[in-house]
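Engineer: Sharing a structure here in structure tokens format.
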Amino acid sequence: MKMKLVAGLTIAMTAGLFVGAMTASADDLVSIGFAQVGHESDWRTASTKSCQDVFSEENGYNLSFVDCDNDEAAQKEAVRSFIEQEVDYIIIDPIIATGWDTVLTECEDAGIPVIVIDRTIDDSDKYVSWVGSNFKTEGLAAGEWLKAYAEAKGIDEINALVISGSTGSSAQIGRSEGFQEIADREGWTILDEQTGDFTEAGGQEVMESYAKSYEGKYNVVVCQNDNEAFGAMTAMDNAGVSYGPNGDVILISFDACTAGLKDVQAEKITADFECNPLAAPFVEEVIKQLQNGEEPEKEVFMVEHWYGLEDAAVPFEIDGEPQEVTVVTDEIIEAQY
Ligand code: GZL
């Protein structure tokens, strides 16, 4: 922090100057408004921390952060408040993929660049860049892996239950679409798909209902994030249903957060398809390009891995591209988000 002291002034006047200097340095900060989905999962916690670590004051930013608590109206309100604050940039992780063109037009009219992080906006392109994951690829990966795993295990019938993410979010849409595409191609039966809203409570509630309605009829449970899987495991434990590489039910999850990988290592989750939450450094790169008058890429994809134990390490392909399962170790868990 620059301190500017002028000899011969009273302490009060010097203090006033100091505050003036602080205010001047505050004005030098790049102001960012970030409308975050909420706080529903371990993944979300890591995503929020990534942004708060990168867009810190010591890094030259003034971050206005709003946790929108999975409330679409609150998220639009947060974006409009950023416009009123005349921030330099707005970051949005859109709770759902549609209903954005009006408020993005308002951002455009205000001359404030918008960067979309993680989930996608599917009904407007009035943003500079999107940094996130290909959710359909994650769904395809889970489906193609299951095909290869079932073949390796001699399982010739798949009856799956799906606990999906927040309805209308691009993460839910993509994962459902990708997995359904493989299920349709392979002639699998998806007995039911209900939303657990990416929460542990939601996963447990849906799985409790499934355990009653489909007792003895299913051999695969697909949870669209680890927190839903944690809840589903509690429900299956309570219902006396075994799962994992040595259980009656193949449990598939997404995110691959630290706690999820620990459940893979503990032979509970059979395969976990990573969704990388640490996008903030790449968002900062976009902002720096804009600051330098450069044109950033419209889409920046995160790198992700598929995890399991040796038992799950079967080769498979997505659209002809060879894929591999990363075998979970203590070191991998230690380094995970
Ligand atoms: C996906 C992200 C999803 C995670 C969930 O990129 O939006 O939302 O998979 C989170 O854990 O709640």
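The values are calculated or read from the model by the stated rules, or taken from the named source; none is laboratory data. Just so it is clear, the model here is predicted, and its values are computed rather than measured. Positions of Cβ are backbone-derived with ideal geometry, glycine not excepted, and every protein chain shown enters the neighbour counts. Accessible surface areas use protein heavy atoms only, side chains included; no ligands, DNA or RNA. Shrake-Rupley method; radii C 1.70, N 1.55, O 1.52, S 1.80 Å.
Engineer: Per residue, how big is the convex hull of the chain when only Cα atoms are used? Give it in Å³.
Structural biologist: Spelled out: Cα convex hull of the chain, divided by residues, is 159 Å³.
Engineer: Excluding ligands, DNA and RNA, what is the solvent-accessible area per residue of the chain at a probe of 1.4 Å, expressed in Å²?
Structural biologist: Each residue of the chain exposes 45 Å² on average to a 1.4 Å probe.
Engineer: Spin-label point model (7 Å from Cα, Cβ direction): what's the Tyr214 to Glu157 distance in nm?
Structural biologist: Result for the modelled spin labels: 1.4 nm.
Engineer: Could you pull out the GluC sites (Glu not before Pro) across region 129-173 that fall in loop regions by DSSP (anything but H, G, I, E, B) with no more than 12 other Cβ atoms inside 10 Å?
Structural biologist: Glu157
Engineer: Same structure again: Quick one: which of Lys147/Lys268; Lys136/Lys268; Lys136/Lys298; Lys136/Lys288 span more than 21 angstrom between C-alpha atoms?
Structural biologist: Beyond 21 Å: Lys136/Lys268; Lys136/Lys288.
Engineer: Rounded to whole Hz and in sequence order, give me ³J(HN,Hα) for region 229-238 from the Karplus expression 6.51 cos²θ - 1.76 cosθ + 1.60, θ = phi - 60°, writing x for Gly and Pro.
Structural biologist: Running phi through 6.51 cos²θ - 1.76 cosθ + 1.60 with θ = phi - 60° gives 5, 4, x, 5, 5, 4, 5, 5, 4, 5 Hz.
Engineer: Between the helical axis of 11-28 and the dominant principal axis of the chain, each derived from Cα atoms, what acute angle in degrees is found, rounded to the nearest 10?
Structural biologist: Taking the Cα atoms of the chain, the angle to 11-28 is about 50 degrees.
Engineer: Measuring from label point to label point, each 7 Å out along Cα→Cβ, what is the Thr167 to Glu84 span in nm?
Structural biologist: Using points 7 Å along Cα→Cβ, the separation is 3.2 nm.
Engineer: Using only Cα atoms, what is the ratio of the radius of gyration of region 172-237 to 2.2 N^0.38 Å?
Structural biologist: 1.09
Engineer: Once you have a ≥ b ≥ c as the square roots of the Cα gyration tensor eigenvalues for region 18-128, tell me rounded if a/c is under 1.5, and otherwise prolate or oblate according to whether a/b is larger than b/c.
Structural biologist: Oblate, since a/c reaches 1.5 and b/c is not below a/b.
Engineer: Continuing with the same structure: What is the Cα centroid distance between region 108-185 and region 188-261, reported in whole angstrom?
Structural biologist: Rounded to whole Å, the Cα centres lie 18 Å apart.
Engineer: May I ask you to list the chymotrypsin sites (Phe, Trp or Tyr not before Pro) in region 173-263 that are in a DSSP loop and have at most 14 other Cβ atoms within 10 Å of their Cβ?
Structural biologist: Answer by residue number: Tyr214.
Engineer: Related question: Quick check on region 255-337: take the gyration tensor over C-alpha atoms, sort the square-rooted eigenvalues as a ≥ b ≥ c, and tell me if it's rounded (a/c under 1.5), prolate or oblate.
Structural biologist: It comes out oblate by the Cα gyration axes.
Engineer: Per residue of region 33-49, in order, report the coupling 6.51 cos²θ - 1.76 cosθ + 1.60 (Karplus, θ = phi - 60°) as ³J(HN,Hα) in whole Hz, putting x for Gly and Pro.
Structural biologist: x, 10, 9, 8, 3, x, 8, 7, 8, 4, 4, 5, 4, 5, 4, 5, 4
Engineer: Same structure, new question: Need the full-extension length gain, Asp330 to Leu278, defined as separation in residues times 0.36 nm minus the C-alpha distance. One decimal, nm.
Structural biologist: Fully extending the segment from Asp330 to Leu278 adds 16.7 nm.
Engineer: A further question follows. Once phi is turned into θ = phi - 60°, what whole-Hz ³J(HN,Hα) does the Karplus curve with 6.51, -1.76 and 1.60 give for every residue of region 82-98, x standing for Gly and Pro?
Structural biologist: 5, 4, 4, 6, 6, 5, 7, 9, 10, 10, 10, 10, x, 4, 10, 7, 10
Engineer: Taking the alpha-carbon centroid of each part, what is the distance from region 21-94 to region 272-299 in angstrom?
Structural biologist: About 15 Å separates the Cα centre of region 21-94 from the one of region 272-299.
Engineer: Ignoring any ligand, DNA or RNA, what whole percent of the accessible area of the chain comes from carbon and sulfur when the probe is 1.4 angstrom?
Structural biologist: The nonpolar share, carbon plus sulfur, comes to 48 percent.
Engineer: P(r) for region 150-271: what percent of alpha-carbon pairs falls in each 5 Å bin, starting at zero?
Structural biologist: Going from the shortest bin to the longest, the percentages are 2, 12, 24, 26, 22, 12, 2, 0.
Engineer: How about Lys153: which aspartates and glutamates have a C-alpha closer than 12 Å to its C-alpha, ignoring those fewer than 8 places off in the same chain?
Structural biologist: Hits, sequence-local ones excluded: Asp311.
Engineer: Sort Lys268, Lys262 from largest to smallest accessible area, using a 1.4 Å probe on the heavy atoms of the protein chains.
Structural biologist: Lys262, Lys268
Engineer: Largest first, how would Met236, Met302 line up by accessible area (1.4 Å probe)?
Structural biologist: Largest to smallest exposure gives the sequence Met302, Met236.
Engineer: For a quick check, take a GNM of the chain with Cα springs below 10 Å and name the residue from Ala73, Ala256, Ala229 with the largest mean-square fluctuation.
Structural biologist: Of Ala73, Ala256, Ala229, the most mobile in the Gaussian network model is Ala73.
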